[in-house]
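Asks: I'd like to ask you about the structure that follows.
Every number here is computed from the coordinates shown, using simple stated rules; none is lab data. From a predicted model like this one, the values you see are computed outputs, not experimental measurements. When we count neighbours, we look across all protein chains shown, and the Cβ atoms used for this are built from the backbone with ideal geometry, even at glycine.
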Amino acid sequence: MIETEKCDQIICLGDILGYPYLRAKYSHTRNASECISLIRKNCQIVLLGNHDLFHIKKLPVFFSGFNFPDQWFNLTPEEQLEISENRIWNYTDDFPIVVNEKETEYLFSLPEFSIKEYAEEKILFSHFFFPNFSGYLTLKMNENTRLKEHFKYLSEQNCLWGICGHMHIEGLGICYEPGDDLFSQFFGGFNYYSFGKKRLKTKLGCVTIPALADNSQVNGFAIFDSEEHSINALSLNTNRRFIL
């Protein structure tokens, strides 16, 4: 589908690893090494997600709201949850993953965000939002008060938009920085849309896109058009693609 759309660049927003067995539907064909190989072969930008960090046992560079104790990865999942007071995602439902030394080294080298300029506009790509780019912490970021930090960071980096994943939206979630009017101050946050194309305002904003693979949801990916300032969410579920 990406080849058909003739995209110029492919960006992976993280969570290459991770297979929750509670939603397992193809556990007999899962292959972390093949996923890494596909990503390395096809993607020009690759970022780390929270599941990646968990499986390669790497602490996030960007985080806020919890100080990781020494020997964090030597603790049991139960101990981690107790110490973090549920501020860290619970990964006990993830199948164990085996990757070789070179694959681990590659994943360790990946950043948590990337800023690129297209058609004279800068875009920040990440798995989640500042100051929690990897999404390792369970902080909810769909409220204006929490998103202010992300909007501030976008502004400081001279970025017009931020594009992320992590939230597993069946379509698109779009949020703009609140204006001076009372309506946007009190009724801000994300507006959610089904699969399809939406034009973006020339205003500081965030976009969250579908998950490429999630057994319990409608999967998809998104195409950003830098010339017309639009983003198009495409469904990979053929039985629903035409309905939506």
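Asks: For a quick check: with amide H placed at 1.01 Å from N, whose amide H comes under 5 Å from residue 200's, ignoring anything fewer than 5 positions away on the same chain?
Replies: Correct list: 230, 231.
Asks: Give the relative contact order (percent, whole number) for the stretch 2-241; include only Cα pairs under 8 Å separated by 6+ residues.
Replies: Across the stretch 2-241, relative contact order equals 17 percent.
Asks: What are the ³J(HN,Hα) couplings of the stretch 13-29, residue after residue, when phi is run through the Karplus curve with 6.51, -1.76, 1.60 and θ = phi - 60°? Round to Hz, x for glycine and proline.
Replies: Each residue of the stretch 13-29 in turn: 8, x, 6, 6, 8, x, 9, x, 5, 5, 10, 5, 10, 9, 4, 6, 10 Hz.
Asks: Rounded to two decimals, what is the ratio between the C-alpha radius of gyration of the chain and 2.2 N^0.38 Å?
Replies: The value comes to 1.02.
Asks: I would also like to ask the following. Given springs between every Cα pair under 10 Å in a Gaussian network model of the chain, which of 48, 139, 13 has the largest fluctuation?
Replies: Greatest mean-square fluctuation among the candidates belongs to 139.
Asks: Can I ask one more? Sequence-distant or interchain residues sharing an amide H contact under 5 Å with residue 15, placed H: which?
Replies: 49, 50, 51, 52
Asks: If you don't mind, there's one more thing I want to ask. What is the packing order of peptides 130-137, 59-66, taking the mean over residues of other C-beta atoms within 10 Å and listing the highest first?
Replies: So the order, starting with the most tightly packed, is 130-137, 59-66.
Asks: Also, I was wondering about something else. List the residues, sorted by chain then number, that are 5 or more residues from residue 122 or on another chain and whose placed amide H is less than 5 Å from its amide H.
Replies: Placed amide hydrogens put 160 under 5 Å from residue 122.
Asks: For the stretch 38-129, which GluC sites (Glu not before Pro) pass both filters: DSSP loop (anything but H, G, I, E, B) and at most 14 other C-beta atoms within 10 Å?
Replies: 85, 120
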